[in-house]
Amino acid sequence: MSAAPSYQARPEVPFADLLDLRGRTAVVTGGAEGIGFAIARRFAEAGARVVVGDLQPGRTGELAAAGHEVRHVPTDVTAQGELDGLLDAAVAAHGRVDVFVNNAGIYPLRAVEEIDGAFWDRMFAVNCKAMFFGAQAASRRMKAQGEGGAIVNLSSICGHKPMPNHCAYDASKGAVLAMTRNLALAPAPHGIRVNSVSPGLTATPGNLKPELFRQLQASGVLEHIPLRRQAEPAEIANTVLFLASPMASYVTGTDLLVDGGWLLHGI
Ligand SMILES: NC(=O)c1ccc[n+]([C@@H]2O[C@H](COP(=O)([O-])OP(=O)(O)OC[C@H]3O[C@@H](n4cnc5c(N)ncnc54)[C@H](O)[C@@H]3O)[C@@H](O)[C@H]2O)c1
């Protein structure tokens, strides 16, 4: 049932509970490494039971070994059935899904003249189509539970400004921004919030791949970033935790840029 409009004041959440995810279940795609792993870790530290949907288990075992309730469910997000299976596994294990993070993404480089249909389709299958169907599936379950929820999509600074050899990636991340604004509308009366985070340059296994790293160094990229450094994955995870938590209870349909000021610099 969607909530009727109400002018009633809402009880204030006590300060100590603003980032508290105890009793909540959070599902993170691509949470085995990089930014997704940092998000899974922050959520676990905030008390959530975390389910990581990733092609590989990666570092998830570290969190279980540290005593957190974190499990890995083998998932290829481009297979819609596997996304549904991921959510089913979370509900089977914990009875509910309160937070869903569409983090899994790829960013291979290719010059505009060399992009072919297969390259373009793969980029959009992982970065865009999978995010849509992930959000759709999560939103359905949250609506059925009737207690609201939060969905966070990973866009990128590349959704805001162009990068050389990133045309297909830039387009896929721009689509995530537009999709997030639209996806926020329908479930809002059910208390389900949908937002995105746009990281700037972040030190993860993905962007430390030699080809990309060499290109970044050659471009002198840190000269263009006002904070003069790249982000740590935990700094992106902190923002995702904010959006997923009661701290952001009146925030929906928006994007938070976490880029050290990079967008302020001219192209
Ligand atoms: N690292 C950056 O500088 C940066 C900047 C802006 C945005 N982002 C975005 O943040 C997100 C995470 O990036 P990252 O740098 O941590 O990536 P990463 O390559 O370091 O890790 C990605 C994780 O996603 C998983 N994954 C990849 N394809 C998958 C699939 N089809 N199904 C399930 N899991 C899959 C991988 O196994 C891996 O564990 C992406 O959406 C990326 O576009 C990253």
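The values are calculated or read from the model by the stated rules, or taken from the named source; none is laboratory data. Note that the structure is a prediction, hence the values are computed from the model and not measured. Reconstructed Cβ throughout: ideal geometry from the backbone, glycine too, with neighbour counts over all protein chains shown.
Going by what's in this entry, would residue 6 be described as surrounded by fewer than 23 Cβ atoms within 10 Å (Cβ to Cβ), in contact (Cβ under 8 Å) with a residue 12 or more places away in the chain, hydroxyl-bearing (Ser, Thr, Tyr) and away from the ligand (no atom under 16 Å from the Cβ)? No; evaluated as a whole, the condition is false for this residue. Each residue in the range 66-112 was checked for being more than 29 Å from residue 158 (Cβ to Cβ) and in contact with a His (Cβ under 9 Å, 6 or more places away or on another chain), and 1 pass.
Taking first residues from the range 43-59 that are under 12 Å from residue 32 (Cβ atoms) and partners that are acidic (Asp, Glu) and more than 6 Å from the ligand (Cβ to nearest atom), the Cβ contacts under 8 Å between residues at least 6 apart in sequence or on separate chains come to 50/69; 53/82. Applying the condition of being aromatic (Phe, Trp, Tyr) and touching a helix residue (DSSP H, G or I) at 6+ places or on another chain (Cβ under 9 Å) to the range 15-69 and asking which residue is farthest from residue 91 (Cα to Cα) yields 37.
Residues in the range 88-114 that are within 14 Å of the ligand (Cβ to nearest atom), of a type in the set (A, V, I, L, M, F, W, C) and crowded, with 21+ Cβ neighbours inside 10 Å: 100, 101, 104. Which pairs turn up if I take residues in the range 141-155 that are in contact (Cβ under 8 Å) with a residue 60 or more places away in the chain and look for partners that are surrounded by fewer than 19 Cβ atoms within 10 Å (Cβ to Cβ) with beta carbon separation below 6 Å, at least 6 apart in sequence or on another chain? Close Cβ pairs (under 6 Å, with a partner that is surrounded by fewer than 19 Cβ atoms within 10 Å (Cβ to Cβ)) amount to 155/177. Considering the range 29-62 alone, what residues qualify as being in a helix (DSSP H, G or I) and either away from the ligand (no atom under 13 Å from the Cβ) or more than 13 Å from the chain's Cα centre (by Cα) (or both)? 41, 42, 43, 44, 45, 60, 61, 62, listed by residue number. Only one of the listed residues (109, 55, 63, 87) is at pLDDT below 95 and more than 19 Å from residue 196 (Cα to Cα). That residue is 109. Can we say residue 200 is at pLDDT 95 or above, surrounded by 14 or more Cβ atoms within 10 Å (Cβ to Cβ) and more than 8 Å from the ligand (Cβ to nearest atom)? Considered against the rule, which asks whether it is at pLDDT 95 or above, surrounded by 14 or more Cβ atoms within 10 Å (Cβ to Cβ) and more than 8 Å from the ligand (Cβ to nearest atom), residue 200 comes out as no.
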